[in-house]
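Contents: one structure, followed by commentary.
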Amino acid sequence: MNPFKRLISRINDPEIPLHDRMFLLVSIITTIAIFIVFLGDVITGEDKREILILGGTLIVEPLITTLAIHYKHINAGALIQVICIIFIIMPATFFFGGGIYGGSIIWLCFCYLFIGLVLQGAVSLVMILLITAVGIAEFALGYFHPELVVAKHSECMFFLDTLISFLVVGFMTYILVAFLTKLYLAENKRAKDEAAKVEEMNKAQSRFFSNMSHEIRTPINTIIGLDEMILREDIPDEVVEDAKNIQSAGRMLLTLINDILDMSKIESGKMEVVPVPYDLGNMLSEIVNMIWSRSHEKGLEFQVDVDPDTPSALFGDEVRIKQILINLLNNAVKYTKEGSVSLSITSARLENNRVAVTYTVEDTGIGIRKESIPHLFEAFKRVDAENNRYIEGTGLGLSIVKQLVDLMGGEISVNSIYTKGSTFMVTLEQEVLEDKAIGHLNPETWRILSAREHYHQSFEAPGVKVLVVDDNTANLMVCEKLLRATRVQVVKAGSGEEALKQTLKDHFDVILMDHLMPEMDGIECMHAIREQTGGLCRNTPIVVVTANAGSENQKIYQKEGFDGYLVKPVTGTLIEAALLKVLPRDQVHLNNMTEEEFEKNTVLRETRHKMPIMITTDSVSDLPEELIKRMHIMVLPYHVHTAKGSFLDGIEAESDAVLSYMASEDAQARSECPTVSEYENFFAQCLSRAQNIVHIAMGRKSSEGYRNAVEAAVSFYNVTVVDSGHLSSGMGLMAMYAKEAADSVQSVDDELIGMIENKKQQIETSFIVDTTEYLKRGGRVSETLNKFCTVFMLHPVFVMRDSRLKTGNIFFGTRDAVRRGYIHWALRHELDIDDSVLFITYVGMKEGELKQIEEEVNSLIRFKKIWFKKASPAVGINCGPGTFGLIFMRK
């Protein structure tokens with residue numbers, strides 16, 4: 001490879017630091033430029049001393065560059081070059097090259113670029129100040145003491161020298177900037193490619209861990225389920241011991257899987273906090289049962305102390321709080337050989353109906369060395385590894401605890417005396433759902449002893465029919481066996497299609513549904529059951545039983561509308577508890593539970609099964625039916641009044657039928673928003689399926705709908721009405737965004753409403769009318785104005801501004817020309833437009849016309865998704881056929 005190609009290769013080598021490549025590039029181009037000037041000076045007969053200095057520079061410059069690169073002292077080499085330029089080259093070319101009447105002044109400007117490219121930090125600033133001082137000094141000396149300029153330039157030489165310097169510096173600056181831009185773009189692309197690779201690796205890792213978790217949980221479900229059935233039988237003590245060991249090993253394997261999966265989610269930033277209503281007593285009962293058995297096996301005393309004033313009904317991420325406590329308690333049991341482990345819970349009331357709950361886990365174990373405490377929460381780190389080498393675990397537990405506490409905005413602290421024991425304190429803020437205190441608890445009543453000796457089904461329900469849907473026959477068998485003692489009637493289905501056949505011919509009280517099944521998965525099957533024509537289970541509670549663990553998955557199932565959530569592997573106790581939460585009281589006979597305990601266990605049942613936040617809107621939002629179903633948005637119809645009667649918008653009256661009626665010149669029709677009473681009934685109906693409602697209304701200055709909805713919302717504490725500031729699909733866009741925003745939270749607060757309110761400023765709602773005749777009939781324009789627009793072929797464009805319909809523009813000409821003009825006007829400033837979605841909402845237009853509009857739009861901007869939506873009759877009767885609008889969002 002020749003030297004030139006070797007230099008170019010080095011400049012383009014991404015393995016070499018960018019600053020080093022820049023230094024090499026600038027040095028090469030500067031040397032070439034100096035050589036050109038050197039030749040120019042020789043040809044034009046410049047002062048020999050200037051020529052000598054430039055010749056020496058041509059030798060020294062490459063030498064400094066070569067030595068700096070060879071010895072890897074780039075910064076030193078760059079600094080030497082700059083010092084030589086400031087204190088030798090620039091003064092010499094100034095005094096020997098005509099002073100201010102020479103080309104050195106142009107080169108002085110180039111020095112700023114040179115310093116900025118090859119130096120960094122404070123050194124760069126110092127050199128800039130020095131070159132500035134030198135430049136000022138040269139101008140001052142040239143003006144006040146022109147005699148110091150040794151070589152004077154004639155006018156011809158001045159122009160010639162300046163021209164050469166101008167051309168050389170200009171082209172050199174262009175080449176430098178162009179080359180540097182290329183380098184930066186290449187580096188940027190490389191960084192993006194690397195980021196994409198990392199992202200893809202993270203996704204692949206997440207998929208792997210998620211699939212691994214799912215695939216391992218499925219067989220473990222069979223192992224643990226059948227193992228539980230063995231423990232219920234009258235078997236020898238040796239078999240009991242073996243079965244318990246199988247159970248313990250299965251649970252340990254689950255713990256390892258959960259730790260690895262959670263750490264993967266945390267590292268990829270996909271771990272989410274999903275707060276839900278939960279009962280503190282029920283949560284503690286599950287934890288105590290699990291930890292007591294492990295501490296009992298080691299001969300440890302397990303103590304639980306709960307402040308009786310702590311609220312019993314809270315709103316927080318129950319799954320993650322339970323995970324934190326189990327991790328801390330498991331650690332305490334593992335590292336304690338004798339003595340006790342204790343869990344205490346206290347609370348302190350805060351403002352805004354919130355409480356700070358402090359969980360304290362204390363043990364009398366081996367403790368932690370003082371120097372090890374700073375490393376306690378590091379992943380895969382085991383403190384005092386020599387003494388703890390025989391203790392099971394991944395070393396991830398405390399790291400996950402710390403990450404989860406931080407994720408929930410809490411605090412964790414640890415106090416420990418080596419060989420004496422440790423105390424962990426976790427404080428988490430949560431919302432209080434009820435003021436009822438938990439009272440005095442007796443942990444003894446929570447303990448479940450030997451499964452063989454003390455298992456009793458919590459209820460019996462011989463009249464209850466349960467449909468179990470799972471593509472794995474072993475899982476079906478386990479579920480049937482675990483429910484055998486409850487005497488419920490179990491019917492099994494091996495696929496979603498088979499389940500739909502069963503629900504068509506028989507009614508079930510509960511459906512237990514697997515998620516991941518071939519052909520039709522559990523979510524699809526659930527929706528199919530809910531919408532099944534002639535189905536007998538459209539309102540039956542459906543509980544998902546899945547191997548997809550994690551709060552984020554629970555959130556998905558909750559949003560989809562499942563009535564309960566069970567994670568494999570399941571136990572008889574868990575399935576029975578899930579059924580108790582959804583079965584009516586009169587269908588079950590309680591065995592080991594008092595009425596009070598049953599009511600306490602199901603006090604939050606209705607709340608759990610409802611959507612956290614439902615988005616509702618009016619029929620004039622012009623949302624496609626596909627989006628309404630997919631996003632579970634409830635719609636209240638407007639009224640359409642004609643001489644033939646009153647009809648519900650979009651239900652009893654369709655656009656084409658209404659337009660056909662309006663074709664007659666004397667036909668009259670008007671739209672009317674729902675009454676306060678209708679809004680109240682609508683909200684009440686929606687609240688049977690949701691905990692909170694956010695209603696997106698038409699702009700308050702365009703319709704009475706907003707005021708009626710607000711008045712109706714006064715009757716409910718959990719209904720919020722938002723002025724969309726728009727109409728038609730502009731409202732629809734607001735509803736879509738509100739749904740996306742609501743899905744990311746669990747409660748309605750000022751922040752959520754503020755996010756939705758702010759979005760209205762980004763939405764552009766406009767439409768152009770083909771004729772003003774329908775506006776005249778609706779009383780929106782006068783007869784005179786209508787005739788004027790018709791005669792002069794004027795087509796007004798209406799826009800939504802400040803919740804009011806205003807004239808945005810007027811187009812003149814033929815229909816095709818006007819439509820093209822409107823499209824170009826509406827999509828102006830294309831760089832500011834969010835190209836994710838566009839609504840083309842129209843009235844009485846043919847497919848060919850819509851195709852032309854789409855082609856014109858695509859010639860300007862390629863939207864990722866274009867929705868064509870026929871405007872609702874309530875909108876169509878006010879603007880007439882041929883009207884269409886472009887509705888989208890700006891960035």
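The values are calculated or read from the model by the stated rules, or taken from the named source; none is laboratory data. Here the structure is a predicted model, which means the values were calculated and not measured. A quick note on method: Cβ atoms are made from the backbone with ideal geometry, for glycine too, and the neighbour counts reach across all protein chains shown. When the accessible area is computed, the model is the full protein with side chains, heavy atoms only, and any ligands, DNA or RNA have been set aside. Shrake-Rupley method; radii C 1.70, N 1.55, O 1.52, S 1.80 Å.
Every listed requirement among (1) at pLDDT 90 or above; (2) surrounded by 14 or more Cβ atoms within 10 Å (Cβ to Cβ) is met by Ile34 save one, (1). For Ile80, are the conditions met, namely being open to solvent by less than 20 Å² (accessible area, probe 1.4 Å) and part of a helix (DSSP H, G or I)? Against the criterion (open to solvent by less than 20 Å² (accessible area, probe 1.4 Å) and part of a helix (DSSP H, G or I)), Ile80 does not qualify. Scanning segment 808-831 for residues that are modelled with pLDDT under 85 and of a type in the set (S, T, N, Q) returns a single hit, Thr814. Among the residues of segment 358-394, those identified as open to solvent by less than 20 Å² (accessible area, probe 1.4 Å) and at pLDDT below 80 are Ser372, Leu376, Asn388.
Filtering segment 434-467 to residues that are closer than 30 Å to Ala493 by Cα, surrounded by 15 or more Cβ atoms within 10 Å (Cβ to Cβ) and at pLDDT 80 or above leaves Gln457, Ser458, Phe459, Glu460, Ala461, Val464, Lys465, Val466, Leu467.
Of everything in segment 120-149 that is closer than 14 Å to Ser104 by Cα and open to solvent by 70 Å² or more (accessible area, probe 1.4 Å), the residue that is farthest from the chain's Cα centre (by Cα) is Phe139.
A quick yes/no check of all residues on (1) surrounded by fewer than 19 Cβ atoms within 10 Å (Cβ to Cβ); (2) modelled with pLDDT of 75 or more:
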site: Pro219; (1), (2): yes, yes
site: Asp227; (1), (2): no, yes
site: Pro236; (1), (2): yes, yes
site: Glu241; (1), (2): yes, no
site: Asn245; (1), (2): yes, no
site: Ile266; (1), (2): no, no
site: Tyr278; (1), (2): no, yes
site: Asp305; (1), (2): yes, yes
site: Pro308; (1), (2): yes, yes
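The selection criterion, being within 36 Å of the chain's Cα centre (by Cα) and on the phi > 0 side of the Ramachandran plot, does not hold for Ser836.
When both residues are 6+ apart or on different chains and their Cβ atoms are under 7 Å apart, which pairs have a first residue that lies in segment 733-746 and is open to solvent by 20 Å² or more (accessible area, probe 1.4 Å), and a second that is part of a helix (DSSP H, G or I)? That search, which allows pairs on different chains as well, returns Met736/Leu627; Tyr737/Ile756; Tyr737/Lys759; Asp743/Lys559; Val745/Leu752. The residue that is nearest to the chain's Cα centre (by Cα), counting only those in segment 310-348 that are over 22 Å from Asn282 (Cβ atoms) and open to solvent by 40 Å² or more (accessible area, probe 1.4 Å), is Ala348.
Report, ordered by the first and then the second residue, all pairs with beta carbons closer than 6 Å, sequence separation of six or more or different chains, a first member in segment 290-304 that is within 15 Å of Glu241 (Cα to Cα), and a second member that is surrounded by 18 or more Cβ atoms within 10 Å (Cβ to Cβ) and β-branched (Val, Ile, Thr). What qualifies is Arg294/Val333. Would you confirm, using the coordinates I've provided, whether Glu764 is within 42 Å of the chain's Cα centre (by Cα), open to solvent by 30 Å² or more (accessible area, probe 1.4 Å) and within 26 Å of Glu854 (Cβ to Cβ)? When the stated conditions are applied, Glu764 passes them. Residue check: Gly98 meets all listed conditions (1) in contact (Cβ under 8 Å) with a residue 60 or more places away in the chain; (2) open to solvent by 50 Å² or more (accessible area, probe 1.4 Å); (3) within 20 Å of Phe38 (Cβ to Cβ) but one, namely (2). Within the bounds of segment 156-166, is there any residue that is over 26 Å from Pro91 (Cα atoms), of a type in the set (Val, Ile, Thr) and assigned to a helix (DSSP H, G or I)? No, there is no match, as no residue in segment 156-166 is over 26 Å from Pro91 (Cα atoms), of a type in the set (Val, Ile, Thr) and assigned to a helix (DSSP H, G or I). Evaluation of Gly97 against the conditions (1) of a type outside the set (Val, Ile, Thr); (2) in a helix (DSSP H, G or I); (3) closer than 20 Å to Gly56 by Cβ shows that the sole unmet condition is (2).
Of the residues that sit in segment 496-539 and are within 18 Å of Glu560 (Cα to Cα) and polar (S, T, N, Q), which one is modelled with the lowest pLDDT? Per the criteria, the residue is Asn539. Candidates in segment 747-761 are the residues that are surrounded by 14 or more Cβ atoms within 10 Å (Cβ to Cβ) and in a loop (DSSP other than H, G, I, E, B); of these, the one that is farthest from the chain's Cα centre (by Cα) is Lys760. Counting the residues of segment 682-709 that are open to solvent by 60 Å² or more (accessible area, probe 1.4 Å) and either part of a loop (DSSP other than H, G, I, E, B) or at pLDDT 85 or above (or both) gives 6. If the condition is being assigned to a strand (DSSP E or B) and modelled with pLDDT under 50, then segment 593-630 contributes no residue at all.
Listed by position, the helices (runs of 4 or more DSSP H) contained in segment 475-592 that have at least 3 residues being touching a Ser or Thr at 6+ places or on another chain (Cβ under 6 Å), open to solvent by less than 30 Å² (accessible area, probe 1.4 Å) and among the acidic types (Asp, Glu) form an empty set. Can you tell me which residue in segment 43-77 is surrounded by the fewest Cβ atoms within 10 Å (Cβ to Cβ), limited to those that are closer than 23 Å to Gly97 by Cα and of a type in the set (D, E, K, R)? Checked segment 43-77; the qualifying residue surrounded by the fewest Cβ atoms within 10 Å (Cβ to Cβ) is Lys48. Inside segment 710-727, residues that are open to solvent by 10 Å² or more (accessible area, probe 1.4 Å) and part of a loop (DSSP other than H, G, I, E, B) make up a count of 6. Figure legend. Inter-residue proximity from segment 557-584: first residues aromatic (Phe, Trp, Tyr), second residues not in a helix (DSSP H, G or I), beta-carbon distance below 6 Å, spacing 6+ or different chains. Indicated pairs: Tyr557/Val544; Tyr557/Tyr565; Phe562/Ile542; Phe562/Val544; Tyr565/Val544.
For segment 167-174, the count of residues that are at pLDDT below 85 and either in a helix (DSSP H, G or I) or farther than 30 Å from His73 by Cβ (or both) is zero. For Ala92, the conditions (1) modelled with pLDDT of 90 or more; (2) open to solvent by less than 30 Å² (accessible area, probe 1.4 Å) are fulfilled apart from (1).
Among the numbered conditions (1) under 30 Å from Phe159 (Cα atoms); (2) hydrophobic (A, V, I, L, M, F, W, C); (3) in contact (Cβ under 8 Å) with a residue 12 or more places away in the chain, the only one that Leu79 does not meet is (1). Apart from one condition, Phe868 fits all of (1) modelled with pLDDT under 85; (2) out of contact with any Lys or Arg (no Cβ under 9 Å at 6 or more places or on another chain); (3) of a type outside the set (Ser, Thr, Tyr); the exception is (1).
Does Ala78 satisfy the condition of being aliphatic (A, V, I, L, M) and in contact with a Phe, Trp or Tyr (Cβ under 6 Å, 6 or more places away or on another chain)?
In short, yes.
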